[in-house]
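Worksheet: the structure to be examined is printed underneath.
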Amino acid sequence: MIDRLYAYFDSPRRQTILLIAIVVLMALAPLVMGRYMTTIMTNALLYVVLALGLNVVVGYAGLLDLGYAAFFAVGAYSIGILTVQFDWNFWLAIPPALVAACIAGVIIGGPTLRLRSDYLAIVTLGFGEIVRFGARNLEITGRATGLSNIPEPNFFGYVISSYVDFYYIFLLLAIVAVIASHRLYHSRLGRAWLYVRHDEDAAEAMGINRVRVKLAAYVTGSVFGAFGGIFFAANLGAISPESFSFEQSVLVLMAVILGGMGKIPGVILGAFIIILGPELLRNLGELRLLLFAVVMLLIMLLRPSGIWPERRH
Amino acid sequence: MPAGLTAPAPVRFNAGYGGLGMPALETFLQAIVNGLVLGSFYALIALGYTMIFGVIKLLNFAHGDVYMVGAFVGFGALSLVSGVVGAGWTGLFIAILISMVAVGFLGVIIQRVAYQPMLSAPRLSILITALAVSLVLQNGALSLTHGKYTAFRTDLGFGGFEFGRLFISHQAMVLVATAAVLMIALEFFVSRTMYGRAMRAVSIDKDMCRLMGINVNRVVAITFLIGSALAAAAGTMAGAYYGSIWYFMGFLIGLKAFTAAVIGGIGSITGAMLGGLILGMLESFGTQIPWIGSEWKDVFTFAILILVLVFKPTGLLGKSEVERM
Amino acid sequence: MLLDLEQVTLRFAGNTVLDKVDFGVEAGSLASLIGPNGAGKTSLFNSITGFYRPQEGRIEFNGERILRRKPHKVTQFGIARTFQNVRLFREMSVMENVMAGMHCRTRAGAFGAVFRTPGQRAEEQYIAEVAHDCMKFVGVDEYADRLATNLAYGYQRLVEIARALATQPQLILLDEPAAGLNGTEKAALVELIRRIRDERNVAVLLIEHDMGLVMQVSEHIHVLDYGRIIAKGTAEQVKNDPKVIEAYLGQEDEEMAL
Amino acid sequence: MKNGMTALASAVALGLGLSGAVQAQSDRILIGVQVPTTGSEATYGQDMYNAAELAAEELNAEGGVLGMDIELINGDSACDPQQSVNAAGNLVSRGVQGIVGGYCSGATMPTLKVYGDEGLPFVITASNSTQLIPANPGNAFMINSTGADQSKKAVDFFESQGVERLAIIDQGDSYSQDLADLTADRWESMGHEVVRETVNKGEQDFSAVVSNVRSNDVDAVFWTAYYADGGLLIRQLRQGGYRDTIAVGDGSNSPQLFEIAGGAAEGVYAFSNPTAEFLPAAASFIENYRAEYDQDPGPYAPLNYDGLKLLAWAMEKAGTTDPAAVVEALGTADGESWLTGPISFTDENTLARSNFIILEGEDGAWTYFEN
């Protein structure tokens, strides 16, 4: 049944129509959604951006990254530090934040890419925790309390402030992230990620610089994460280290896995499930995380390519 | 109220040891004792990582949580037997044994249900599966305990030996001794028994073992049984020693024990023991360095992990992997 | 000499796999490397292409020192290879497989991809053209959109050659390209190897157990035994070399069917 | 069963949220209770929720507020910033007219903006980090004494005990770091010595901290974070041979500290907000609470009880549930005595009078030590 549904939407034309329909619906949604629903959807859209970013690393390049929240944190804290501690303009602070994320990507990726995949996973986890401990213990990051009073971005005189404004910002970000993911996938670099993931040696024999290609995946992923973090910080107006915990990394990873690694629509679906699911089950309390964990395990055992897997003939 | 707690404050030594009141020797010895205790926990858990990695080349993310489950099973067992034998040393030893057996089998079940079907899948898939198992155990315990700390009460008391400022509790001594006995028993098992030798053979070449008629599946199962049982023993002892258990207790220590296994050389049993001790000592002494505040302690451990993995991934006693292709 | 090896020595854990190998391939020539099993033929390939790092010696390609260079660098210099047991990107299409070869001849990165810059689009077009050309050259163009894993074994071998050609090499190393092929396919392979040299002016170095095929295509044959070159010359010269006969007599299997 | 029903109810509410118009019905007043009813601090949170429920029942029994019944909505913050923002959004969407609660300062912080945007009255009953003060848009009122008050209490106490070198240990979260910073500054400014330590949440082994405490020869240890890890620390301090004074902040004033620390918690001091058993006015509260929930009220129950009553009082005083009017009315609280003592506010909307008391651990329970 479900497979036939996917098959139906396998044609690019139908996919485009479906996509446009979804975008139009999403754009109109705040007219009928209450504040709560809009907030949750904003959160889901943030996760779409993060999950698509992690998907570049895990889904495309096949590198298990358990510290993705670190990139998210670098984006959020760069903006926070520049605007709060140094009184920079929000928009001016974005380029340095992105540069910081790229540097973080190189620092984390660089020395570790020679490692075998399971070591890589644990090292990224360690880096993620180091970033969080750093944020918690440094003066410039506001220590455990974090940074508050991050100014609301001013867009040519219009102050982006209400929850609806941020909904549209994240909708825009998500659309850009989808387009960017799609274009990356169908590019020289995107193919190189797949080559390296499938067979490193054969890829190298084809003249592909394995380390460089993987590094590009980390840096690309970190830029996605940083964009998410930048607007996350602007939206909440305050950030603290606990938002960038290991659990956050795991949730984003779950979104990628649930939806199906590598496939854009699947990852989007995964992000929505990860955010909307728990809200629907809010009163399940702790059980919801257990539920997610069990679902994740079952997916790995029974349908390892996710709910909406990558299809190839 | 336990004896000794209300004793008047001891006479203070005058500062004169670089600002430290405590004589350097005693500080040093105390750090060794602390390092031994920590190292025993790390080593017991690291053994599981290393053994499982040896036979199926899997980094078992769930191992830290097996330790946590071990603590809860030990707690349950102690509650059951304390009515009969009390919550003293006897009760605790029985609880440890029960926990080891029960959790050992849990390890085998995990291996059969979650890992066995994934052995031929891509590496990324089995890693994620291991992560999922870890999350299931963690959140299962979270749901059962509602995320609260469970007090692990024993009648062991707070007694100990005191030499000046150096203080060694009875519990710490028994703990280190128990860990040592378990490790010696393991060493004996691996080097002298048939299954132990089979285990080493499987870790070198699985296909060859199959040809030679070794039941590889059984060897893998026994490895999980022993690895998990050791973690369960560590978990129960930690519960009794620290006095409380909770669902998240396996996360950090799991990471650290993994670090210990890596330092010693993953795949090497002696390496895991050595690595555990070294990491325990490093942490114990590292945090005495005045300019590394205790808030940076875990960063210190992670930094060691990353440095070792990047610069000497084979660890101290590990064998280098066969060249590619 | 296009490729020139001098005194190359490779050891693994105390075993000497290659022992002071002197060896060369001329531009635009057809050469073969033969020898009994375990003689070190594939090790020699791996040493040339950077997968192994010989401890001693000198390897030059076009006058450029390539010893201990990374594999992708060696490919960039103009040496392409295939693998003994076909290593295609199995879950990707034939087209995508062949496009892999173009990676080292193009340069667009993430920025170009995301913003679809004119340069990037022109480059994608170029990649597609070259890939088509290479698929056509080996005769797999009709399968361009098939998954590599769904192709018959013989075709997979051809795709691998097309992929190697797409790196635009001056020298191509084929590791047992005829293994697992039937008679007709072998004949076509001989034809293809000749065309690679004649039409593309690419030198070919072959490892092959099928002596018939080797004798048919090779202009130069090098014989490796226990990590040493024991003989070199034309097919006739090698066939009658007593050292070669002795080496092959040592192991009494199919290889003797000269 | 109850959980299942509320799950269903909230799923329905979510559906309604989609269709937009969730308006408060005019015959009742919706009040959000933002406390952690799940997660590691759930014990405290559930307790606070119960107390608010008790207060609401009493008010409704007396005819309600402005003639309308009060209805509570649980906004579980789980002591987690992101979850609490979602919960706050949920409360606002469902049309609450005021909020009581706020337990973990870190989780309370980001919700200030959510309620501030709507101008809703927010009575903060437990969170007391001084970091909340500058972030308050003006609609929030703190009825728990702040960390500044507590640090003052603590410093006075240590001074009276003749302490010279004080070890201050926090847990690296907003609340405990704030209290530790304030206390350290004050203690140093008085010319004494401070040894600062931090333990990481989730860590079981505190031997490094214990060694540092012992080797630095401190006269007293002050733990500024929550009871769960506090119990571990106290136990290990005693196990490690430390015998001088130990005191804990108001995050550790739970009876459960004794469960975890065992005998080691004997003689430990706690700075505490007024807990029910030591409040003269609270006798009937305790009785009612026990009757209703079959357990003792925890340390923050009276504050949350007062919080709800105070909000109701402000609505009565304003004569309307209009948020701006209620906020203004709250500001005029005049020092009338409530369960936890007199409540009036400073210019910063914090409690004008410190209400901290000191408790001492004795025979496995807290006893009153001094005011």
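Taken together, the values in this text are just the output of simple stated rules run on the coordinates, not laboratory data. Note that the structure is a prediction, hence the values are computed from the model and not measured. Note that we place each Cβ from the backbone using ideal geometry, even for glycine, and neighbour counts take in every protein chain shown.
What number results when the radius of gyration of chain B, computed over Cα atoms, is divided by 2.2 N^0.38 Å? All intermediate terms of the calculation are to be shown ahead of the outcome.
Working: Rg = 20.7 Å, N = 325, 2.2 N^0.38 = 19.8 Å.
For chain B, the normalised Cα radius of gyration comes out at 1.05.
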Dimensions in Å of segment C:45-189 - Rg and Dmax from alpha carbons: 16.4, 50
Ranked packing of C:183-193, A:68-78, A:180-190, most packed first, by mean Cβ within 10 Å: A:68-78, A:180-190, C:183-193
Other protein chain Cβ atoms within 10 Å, averaged over every residue that makes up B:233-243: 3
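Between residue A:280 and residue C:246, what's the calculated FRET efficiency when r is the beta-carbon distance and R0 is 60 Å? Round to 0.05.
On the way: r = 79 Å, r/R0 = 1.31.
Calculated transfer efficiency: 0.15.
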Length-normalised contact order of chain B in % [C-alpha pairs under 8 Å, at least 6 apart]: 33 percent
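Across the residues of C:102-113, average count of Cβ atoms on other protein chains within 10 Å?
Numbers: counts 4, 11, 4, 1, 1, 1, 3, 8, 13, 2, 4, 11.
Average neighbour count from other chains, rounded to a whole number: 5.
Could you calculate the FRET efficiency of residue D:160 with residue A:103 from 1/(1 + (r/R0)^6), where r is the beta carbon distance between them and R0 is 56 Å, rounded to 0.05?
Numbers: r = 52 Å, r/R0 = 0.93.
Rounded to the nearest 0.05, the efficiency is 0.60.
In what sequence, highest mean first, do D:108-117, A:137-146 appear when ranked by Cβ atoms within 10 angstrom? Don't skip to the answer; put the middle values down first.
Working: D:108-117: 23.7, A:137-146: 20.5.
Top to bottom by mean Cβ count within 10 Å: D:108-117, A:137-146.
Please report, in cubic angstrom per residue, the volume enclosed by the convex hull of the alpha-carbon atoms of the protein assembly as shown. It would help to have the intermediate numbers written out before the result.
Details: hull volume 240.5 nm³, N = 1267.
In the protein assembly as shown, the Cα hull volume divided by residue count equals 190 Å³.
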Cysteines in the protein assembly as shown lacking a second Cys C-beta under 4.7 Å: A:102, B:209, C:104, C:134
Partner lysines for residue D:317 [C-alpha distance under 28 Å; skip if fewer than 8 residues away on the same chain]: D:113, D:309
Gyration tensor verdict on segment D:148-272 (Cα atoms; rounded if a/c is under 1.5, prolate if a/b is larger than b/c, oblate otherwise): rounded
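Quote the convex hull volume per residue of chain C, based on C-alpha atoms, as a whole number of Å³.
Value for chain C: 135 Å³ per residue.
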Percent RCO, i.e. relative contact order, over segment A:42-246, from Cα pairs under 8 Å lying at least 6 residues apart: 44 percent
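Report, please, the projected area of segment D:31-158 averaged over directions, based on the convex hull of its C-alpha atoms, in nm².
Numbers: hull surface 34.1 nm².
Taking the Cα atoms of segment D:31-158, their convex hull projects to 8.5 nm² on average.
Contact order normalised by length for chain C, with contacts defined as Cα pairs under 8 Å and 6 or more residues apart; what percent is it? Working shown, then result.
Working: 487 pairs, mean separation 68.4, N = 258.
The normalised contact order for chain C reaches 27 percent.
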Backbone N within segment C:171-188 under 15 Å of label point (7 Å from residue C:152 Cα along the Cβ vector): C:180-188
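Roughly how compact is segment A:42-246, stated as its Cα Rg over 2.2 N^0.38 Å to two decimals?
Working: Rg = 17.2 Å, N = 205, 2.2 N^0.38 = 16.6 Å.
Relative to the 2.2 N^0.38 Å estimate, segment A:42-246 comes out at 1.03.
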Inter-chain shielding of A:257-268 (mean C-beta neighbours from other protein chains, 10 Å cut-off): 1
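Please label the shape of segment A:118-204 as rounded, prolate or oblate, based on the square roots a ≥ b ≥ c of the eigenvalues of the alpha-carbon gyration tensor (a/c under 1.5 means rounded; beyond that, a/b larger than b/c means prolate, else oblate).
Details: a/c = 3.98, a/b = 1.33, b/c = 3.00.
Oblate shape, in that a/c is at least 1.5 and b/c is the bigger or equal ratio.
Add -39500 (n - 2.57) for each DSSP H run of 4 or more in the protein assembly as shown, then divide by its residues: what number comes out at 222 nm, to the nearest 500 deg cm²/dmol?
Details: 48 runs with 692 residues, N = 1267.
My calculation for the protein assembly as shown gives -17500 deg cm²/dmol from helical runs alone.
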Equivalent ellipsoid dimensions for segment C:87-173 as semi-axes, Å, which come from the Cα gyration tensor, largest first: 24, 14, 11
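Highest first, please rank the peptides B:69-75, B:247-253, B:298-304 by the mean number of other Cβ atoms sitting within 10 Å of their residues. Mind dumping the intermediate values first?
Working: B:69-75: 27.4, B:247-253: 23.3, B:298-304: 19.7.
Result, highest mean first: B:69-75, B:247-253, B:298-304.
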Distance between modelled label sites at residue D:352 and residue D:370, nm, 7 Å Cα→Cβ extension: 2.7 nm
Selection from A:19, A:74, A:42, by position along the positive dipole direction of chain A (Cβ): A:19
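To the nearest 0.05, how large is the calculated FRET efficiency for residue B:57 and residue D:27 if R₀ is 56 Å and r is the Cβ-Cβ distance? Let's see the in-between values first.
Values: r = 67 Å, r/R0 = 1.19.
For residue B:57 and residue D:27, the calculated efficiency is 0.25.
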Separation of the residue A:298 and residue C:187 label points, Cα + 7 Å toward Cβ, nm: 5.8 nm
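Let me know the shape class of chain D, please: from the alpha-carbon gyration tensor, a ≥ b ≥ c as square roots of the eigenvalues, rounded when a/c is under 1.5, otherwise prolate if a/b is greater than b/c, or oblate. Could the numbers behind the result be given before it?
Details: a/c = 1.88, a/b = 1.79, b/c = 1.05.
Prolate.
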Whole-angstrom Cα spans of segment B:81-167 along principal axes, big to small: 56, 37, 26
Simple spin-label estimate for residue C:128 and residue C:65 in nanometres, 7 Å along Cα-Cβ: 4.4 nm
